[in-house]
Every structure is written in C-alpha cells, then in structure tokens.
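What follows is one structure encoded as structure tokens, with my remarks underneath.
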Amino acid sequence: MSRPSRAIVVCACTILVVMSVSLSAQRTITRSIYVNAVDEGGAPVLNLTPADFLLTEDGSTREVTRATLLNGPMRIVLLVDSSTPVGPMLNNFKTGLNAFIDELPEDEEVVFVTSGGQIRVRTQPGTDRVKLRAQVGLFAAEGGANAFLDTMLEADRRFLKTVQPGQWPAFVIVTTDRGENTREPNVKDYNTFMQDFLVRGGAAHAVIIAGKAIGSVTDMVTNLVDNVGGTSHTIVADSNLPERLRVIANRLADDHQRMMRRYEVRYAGDPKVLQPTISVKSSRDGVELQMSVRRPF
C-alpha cells in the first residue's frame, strides 16, 4: 500500500524593493512556486499535471493554472554597459564576455544588448555562439550616459516576458558606475518591474566596475540581485572582469542543472496578500514534494 502524499508549508520571502506597489485593484495575481517531486524510492516524478497539485494560500484553496518542468533552455539577457567610461576598458570587456561564453553551456539562449545612450540589441535570442562572438568582437563604447534602467526594462519587456513555459529568464549585467548620473531614476517603474520579475522567478547576476563615487546604477543592480538571490561582484580593476564572468557563467549552469527536474507551479493568488503562507501537496499517492518560493533550491 503506498504512502499518502505529504504537504509542505512555507511563507513567501520578503520582497526588498525600494517602494511598495499596490496590487489591490487586481482580483487575482499569478504567482509561482517551485516544486521537487519524488516517489517513495527518491526517484523524480516527471509526469505531474496541474490537477496533481493541491495548493492553498493562507488556508484558502487556489487554482493551479500551470505545472511545467523546468527543462527548457535558460534565456539570458547579457546587458553590457557601452557608455563613455567603457572606452579605456574595451580589451578586458571583450576578454570577459568571451570568457562568459566559453563557460556557459551551449544550449542556453543569450540575448546581447548594450546600454550606451539607449538600448541596442546586438543579437536576438538564440544559441548561435559564432554570431554572439562576432558581436563581442565588434563591441565598442558608444558614448553618452549609461541608459541602464531604460535598457533593462525594454529588454525585459521584449525578451524575458516572452519566454516559453519551462524556460528560466535571467539577466547578466556588466556595468560601470562612476556616480556621474545625477538624474533620479524612475523608482515607480523599477519597482513595478521588480515585483513582476520576482513573480516570474527571474535570476540576475552582475559585475559592477565602480569608481570613487557610485550612484543609482549600483543601487538598482544590487537591489535586483539581492532580491533574487543572485551573485553580485563590485570591482575597481576591469582586469578582474573575465574571472568574475566565468564565476557567473558556472553559477548559471549549476543552478539550471539543479532545477531541470523541478516544476514551476503557477497559481491564481490573492494580490492583497503580500507574504502568503503556501501549502502544497500532491493528489497522487506515494508522491512527496519539496517546495521553494524562489529558484534555485
């Protein structure tokens, strides 16, 4: 006789955004949790459907709208600063970007965008490393200020919100911050993005090349990476960039490998509840679940 499935309960993690965003006007909000399912022998169970998950939020039953194995390729937006300060660092930038490509598994999708003055899309989403390396070879400082926030928001809208079920959206950010940008960032737009990116389970890792003063770019990048549990390196010498990008590429590969046999379970949640207590179990006998509100785990 098989054992009954076991429920697990967790509280959602605190969101560390700069300013809260009201969601009370919405009737429901789509939320994701991440679930590992194993049988009595500890072998992964890879054929569960939405109907196999029983989920409650603060004690109320919620509809599970999707359950997808996370076995698709990651889609990584490689967001690189190409503003004026990058000019003297071009050699190390190119070496670092190629080091990142060397370490990253070839089946992960990469979108290469730069932020000098405005967004420039250098490659569309894909796995063509020849084309990606060619664009790295053509990389140059484009002058002007670092349009970091506008570039990140536009890249997210065009490339990460459109990922297919089973894909994992991610940012890898390489940026300078010399504190020269005195214009206040649009905090409301950033927070709206941050809340949504958390709901989508996005990943983010970054290298910041800092000067004597730092500004809003560092604040935003650090906040983003901290919220999603990513890796952030602040360096002063651009010669350290290749090694830092190798570390990030290996972290992405390791994290993705850990999540390949886990499910993203989406459900219709209550937008008025900012830190819900979630319980999930399987309706199949003999299936045990482990859950997290954030990936990887």
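The values are calculated or read from the model by the stated rules, or taken from the named source; none is laboratory data. Computed from a predicted structure; not experimentally measured. Cβ atoms come from the backbone with ideal geometry, glycine included; neighbour counts cover every protein chain shown. Ligands, DNA and RNA are stripped out before the accessible areas are found, and what is left, the full protein with its side chains, is counted by its heavy atoms. Shrake-Rupley method; radii C 1.70, N 1.55, O 1.52, S 1.80 Å.
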Result of the Cβ filter at 8 Å on region 198-214, keeping first residues that are more than 22 Å from T176 (Cα to Cα) and touching a residue at least 40 places away in the same chain (Cβ under 8 Å) and partners that are part of a strand (DSSP E or B) and among the polar types (S, T, N, Q), at least 6 apart or interchain, is V199/T30; V199/S32; R200/S32; G201/S32
Within region 281-297, residues over 23 Å from V207 (Cβ atoms) and in a loop (DSSP other than H, G, I, E, B) come out as S283, R284, D285, G286, V287, V293, F297
In the set D107, D128, the lone residue that is over 19 Å from F93 (Cβ atoms) and touching a Pro at 6+ places or on another chain (Cβ under 8 Å) is D107
Reported set for region 163-176 where residues are modelled with pLDDT of 95 or more and not in a strand (DSSP E or B) is V163, Q167, W168
Subset of region 252-297, residues in contact with a helix residue (DSSP H, G or I) (Cβ under 6 Å, 6 or more places away or on another chain) and surrounded by fewer than 16 Cβ atoms within 10 Å (Cβ to Cβ), comes to S283
Only one of G144, G137, G215 is open to solvent by 10 Å² or more (accessible area, probe 1.4 Å), on the phi > 0 side of the Ramachandran plot and of a type in the set (G, A, S), namely G144
Given (1) open to solvent by 60 Å² or more (accessible area, probe 1.4 Å); (2) of a type in the set (G, A, S); (3) at pLDDT below 95, S5 misses just (1)
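Among the residues of region 30-55, write down those that are touching a Pro at 6+ places or on another chain (Cβ under 9 Å) and among the hydroxyl-bearing types (S, T, Y). Even if it seems obvious, please write down each step before you answer.
First pass over region 30-55, keeping only residues touching a Pro at 6+ places or on another chain (Cβ under 9 Å): 31, 34, 36-38.
Once the filter is applied, which keeps residues that are touching a Pro at 6+ places or on another chain (Cβ under 9 Å) and among the hydroxyl-bearing types (S, T, Y), region 30-55 yields only Y34.
With respect to P169, determine if the residue is under 21 Å from R246 (Cα atoms) and either of a type in the set (A, V, I, L, M, F, W, C) or in contact (Cβ under 8 Å) with a residue 12 or more places away in the chain (or both).
On the way: under 21 Å from R246 (Cα atoms): yes; either of a type in the set (A, V, I, L, M, F, W, C) or in contact (Cβ under 8 Å) with a residue 12 or more places away in the chain (or both): yes.
Yes, satisfied.
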Going through (1) touching a helix residue (DSSP H, G or I) at 6+ places or on another chain (Cβ under 7 Å); (2) assigned to a helix (DSSP H, G or I); (3) surrounded by 22 or more Cβ atoms within 10 Å (Cβ to Cβ); (4) modelled with pLDDT of 95 or more one by one, S239 fails only at (3)
_Tell me whether region 257-280 contains one or more residues that are without any contact (Cβ under 8 Å) to a residue 12 or more places away in the chain, part of a helix (DSSP H, G or I) and not acidic (D, E)._
yes
Checking the structure you have, find out if any residue of region 177-186 is open to solvent by less than 50 Å² (accessible area, probe 1.4 Å), in a helix (DSSP H, G or I) and of a type outside the set (S, T, Y). no
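In region 194-212, which residues are assigned to a helix (DSSP H, G or I) and open to solvent by less than 10 Å² (accessible area, probe 1.4 Å)? Spell out the reasoning first.
Within region 194-212, the subset assigned to a helix (DSSP H, G or I) is 194-199.
Within region 194-212, M194, F197 meet the criteria.
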